[in-house]
Amino acid sequence: MHSPMQSLHRGVSSIWFLAHVTGWWGKMCMFRDWRFCWVLGIGFELLELIFQCIIPDFQEC
């Protein structure tokens, strides 16, 4: 069993964390509306959940 700190470090140091942060930054630069960016972010997370049976890389967590 991993400790919460190990899990946090593994999550923050993964390529997927960088992809999510870069995506969030890009959306904020384009739209400049945090509500709209939250909606887009949640939408992308739902798409990852839906398509993880087709694209195994979406099973990041």
When the helices in the chain are scored as -39500 (n - 2.57) per DSSP H run of 4 or longer and the sum is shared across all residues, what 222 nm value do you end up with, to the nearest 500 deg cm²/dmol?
-23500 deg cm²/dmol
On full extension of the chain, what length is gained from ARG32 through MET5, given 0.36 nm per residue of separation minus the C-alpha to C-alpha distance?
6.4 nm
What length, rounded to one decimal in nm, is gained on full extension from VAL39 through to GLN52, with 0.36 nm per residue of separation minus their alpha-carbon distance?
2.7 nm
Here the Cα Rg-to-2.2 N^0.38 Å ratio for the chain is 1.29
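None of the figures in this text is laboratory data; all of them are computed from the coordinates on show. What you are looking at is a predicted structure, and each value in this text was computed from that prediction instead of being measured.
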